[in-house]
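Undergrad: Can you keep this structure in mind? I'll have questions shortly.
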Amino acid sequence: MLKQLTVLVVLGALELAARANPASLVAGGKAPEDASAPSTNDSVDVITEIDYAYELDSSSLVRERVGNPSADPNAPLPTVRDLKFRQFRHTITPRFQIGVFNNTFVTFALPIVIQQAREITLDEGVDRAGSTAVTDGLISANGFDSRDPGTATTGDLMFRGPVRHGLDQVHVGLGIAPMNQAQDPTKPTWKIGVEARLAVGKVMRFDPMAPEANKGVSEGMQQLKLWTTFAKKLGWAEPWAEMHWLVPLTGKSSSLFDDPGYGATNWQKSPEAGIGMGVELYAVDKPADQTRISLDLGGRADVHFEGREYTELWELFAYAGDPRLASHPLALNPDPTDRTPDATLVSHPGITNIENYLETTASFALRAQIGPHVRFAVTGDLVWKTDHAITFTDAGIDRPTDDNDLVNPGTDEVNPLHVPAIDLVGHRYRSENGFDVVLGVQGQVTF
């Protein structure tokens with residue numbers, strides 16, 4: 001049976017992952033000679049696809065707080081409510097697969113962010129004077145709105161960044177299908193591939209003196225993705241599974257993922273790994289005219305490992321770390337060995353180290369195939385994220401030259417990216433109750 005390759009785009013952290021059925025349609029798969037095979041069509045040479053996705057992200061941002069004499073010393077670190085995060089994003093992604101040899105194909109995708117907007121508000125029960133972001137000087141009680149920087153924000157709004165749009169990466173890959181059920185009905189369709197994600201767009205930065213000047217969406221990182229998928233049609237059901245591993249390679253010269261030297265650790269973008277599985281259930285399956293309607297149900301688990309990321313608060317951190325402003329508690333000293341009062345400070349990039357966390361996703365798709373060449377789908381995901389620290393930068397490293405189990409201040413053991421105001425235990429920000437909703441539509445034509 002020839003069936004669509006379905007991929008829904010989600011940019012976060014901003015990375016794209018396979019959604020729902022990992023597909024048994026193989027570009028470059030030759031026509032089966034066995035008349036009893038699930039499909040007797042000619043080979044598929046080109047698969048074209050257009051995806052649209054709407055994503056709504058939300059989370060609560062709490063702060064570790066120490067110093068309460070009545071707190072139980074054996075209890076976990078106490079936290080207080082502070083802020084809430086919300087973001088929406090519209091993305092369109094053209095995709096192409098071109099068969100270059102028997103069961104071998106090249107892939108190309110161009111995820112285009114049409115609009116991305118985010119805002120930070122006060123959490124329930126928190127007022128402006130009581131917010132730790134205000135009391136610690138990260139932002140004034142007047143808040144900040146990139147669309148109207150000179151006017152105080154109203155209601156619960158504390159920070160609003162610019163509306164962003166553009167292109168992050170171009171995805172170019174190569175895949176093969178060692179097994180293809182369309183050619184041998186006794187075997188599943190097994191595909192493996194590699195994909196290079198090349199950063200081409202304008203790198204995301206935030207300048208509080210010109211907040212509308214940069215509206216890019218790129219993280220400026222080149223990445224490598226290894227993936228594999230399995231699918232096997234069994235009458236009215238088709239189980240499927242997928243796995244992937246995504247690692248950072250190098251950054252563009254303008255990328256914020258720079259190694260500052262000294263005692264810096266984990267300064268690269270965080271890697272990711274994921275596994276998913278599900279089943280596609282056919283309500284209508286007419287091989288004669290290749291009309292099919294199906295419901296695809298699945299789940300996925302994605303692990304984000306420790307590393308640096310554009311978190312919910314990255315723009316606020318960049319704002320609070322600009323030494324040109326009167327209050328800049330997050331500004332960095334690029335030379336930790338220089339502890340003089342007139343040491344030159346540089347702006348905080350906004351990105352911070354994150355703690356390992358897990359995303360679990362429940363996915364669904366309603367699919368329709370009209371004839372041998374046209375397919376449509378409506379898709380949806382519900383994504384839950386485990387609670388995790390988003391300011392998790394280490395203080396530095398204890399070098400063998402002074403092995404005392406301490407990071408000695410004023411030495412090259414110090415991590416220049418570490419800011420005690422937000423990275424020190426008891427002062428860190430944590431993302432809790434993270435929840436995303438992703439809705440999409442897809443169309444596909446094969447040749």
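The values are calculated or read from the model by the stated rules, or taken from the named source; none is laboratory data. If you're wondering where the values come from, they're calculated on a predicted model, not measured in any experiment. A quick note on method: Cβ atoms are made from the backbone with ideal geometry, for glycine too, and the neighbour counts reach across all protein chains shown.
Undergrad: From Asp285, Asp289, grab the single residue that is under 30 Å from Ile370 (Cα atoms) and in contact (Cβ under 8 Å) with a residue 60 or more places away in the chain.
TA: Of the residues listed, the single one that is under 30 Å from Ile370 (Cα atoms) and in contact (Cβ under 8 Å) with a residue 60 or more places away in the chain is Asp289.
Undergrad: Looking at (1) surrounded by 15 or more Cβ atoms within 10 Å (Cβ to Cβ); (2) under 30 Å from Gly278 (Cβ atoms); (3) over 25 Å from the mean Cα position of the chain (by Cα); (4) not aromatic (Phe, Trp, Tyr), can you tell me which one Ser131 breaks?
TA: (2)
Undergrad: Can I ask one more? Right, Glu195: farther than 25 Å from Tyr310 by Cβ, outside any loop (DSSP other than H, G, I, E, B) and under 19 Å from the mean Cα position of the chain (by Cα) or not?
TA: Taking the combined requirement at face value, the residue does not satisfy it.
Undergrad: Is it the case that Gly137 is in contact (Cβ under 8 Å) with a residue 12 or more places away in the chain, within 30 Å of the chain's Cα centre (by Cα) and assigned to a loop (DSSP other than H, G, I, E, B)?
TA: Yes, satisfied.
Undergrad: Follow-up. On the given criteria, is Val170 in contact with a Leu (Cβ under 7 Å, 6 or more places away or on another chain), surrounded by fewer than 15 Cβ atoms within 10 Å (Cβ to Cβ), assigned to a strand (DSSP E or B) and not charged (D, E, K, R)?
TA: Spelling it out, it is not the case that Val170 is in contact with a Leu (Cβ under 7 Å, 6 or more places away or on another chain), surrounded by fewer than 15 Cβ atoms within 10 Å (Cβ to Cβ), assigned to a strand (DSSP E or B) and not charged (D, E, K, R).
Undergrad: Return only the number of the condition from (1) at pLDDT 95 or above; (2) closer than 30 Å to Met243 by Cα; (3) of a type outside the set (A, V, I, L, M, F, W, C); (4) assigned to a loop (DSSP other than H, G, I, E, B) that Thr265 does not satisfy.
TA: The one condition Thr265 does not meet is (1).
Undergrad: I've got another one for you. Going by the conditions given, is Gly150 out of contact with any His (no Cβ under 8 Å at 6 or more places or on another chain), at pLDDT below 95, under 25 Å from Asp207 (Cβ atoms) and surrounded by fewer than 20 Cβ atoms within 10 Å (Cβ to Cβ)?
TA: So Gly150 fits the description; yes.
Undergrad: Within the bounds of the range 372-383, is there any residue that is part of a loop (DSSP other than H, G, I, E, B), under 30 Å from Arg292 (Cα atoms) and touching a Ser or Thr at 6+ places or on another chain (Cβ under 8 Å)?
TA: Looking through the range 372-383, at least one residue is part of a loop (DSSP other than H, G, I, E, B), under 30 Å from Arg292 (Cα atoms) and touching a Ser or Thr at 6+ places or on another chain (Cβ under 8 Å).
Undergrad: Considering only residues that are in contact with a Ser or Thr (Cβ under 7 Å, 6 or more places away or on another chain) and either modelled with pLDDT under 60 or farther than 30 Å from Thr361 by Cα (or both), which ones fall in the range 47-76?
TA: Selection gives Arg65 alone.
Undergrad: Go over the candidates Ala389, Ala395, Ala421, Ala377 one by one and state the one that is touching a residue at least 40 places away in the same chain (Cβ under 8 Å) and in contact with a Pro (Cβ under 7 Å, 6 or more places away or on another chain).
TA: After ruling out the rest, the residue left standing is Ala421.
Undergrad: Only residues that are within 17 Å of the chain's Cα centre (by Cα) and either in a strand (DSSP E or B) or closer than 13 Å to Val419 by Cα (or both): list them for the range 339-362, please.
TA: Gly350, Ile351, Thr352, Asn353, Ile354, Tyr357, Leu358, Glu359, Thr360, Thr361, Ala362
Undergrad: Hey, another quick one. Among the numbered criteria (1) assigned to a strand (DSSP E or B); (2) surrounded by fewer than 17 Cβ atoms within 10 Å (Cβ to Cβ); (3) of a type outside the set (Ser, Thr, Tyr), which single criterion is violated by Arg430?
TA: Of (1) assigned to a strand (DSSP E or B); (2) surrounded by fewer than 17 Cβ atoms within 10 Å (Cβ to Cβ); (3) of a type outside the set (Ser, Thr, Tyr), only one is false for Arg430: (2).
Undergrad: Tally time: how many residues in the range 297-351 are surrounded by 15 or more Cβ atoms within 10 Å (Cβ to Cβ), of a type in the set (Asp, Glu) and more than 27 Å from Pro248 (Cα to Cα)?
TA: 1
Undergrad: Mind telling me which of the residues Val106, Val113, Val126 ends up being out of contact with any Asp or Glu (no Cβ under 9 Å at 6 or more places or on another chain) and either over 22 Å from Asn214 (Cβ atoms) or crowded, with 21+ Cβ neighbours inside 10 Å (or both)?
TA: Of the residues listed, the single one that is out of contact with any Asp or Glu (no Cβ under 9 Å at 6 or more places or on another chain) and either over 22 Å from Asn214 (Cβ atoms) or crowded, with 21+ Cβ neighbours inside 10 Å (or both) is Val106.
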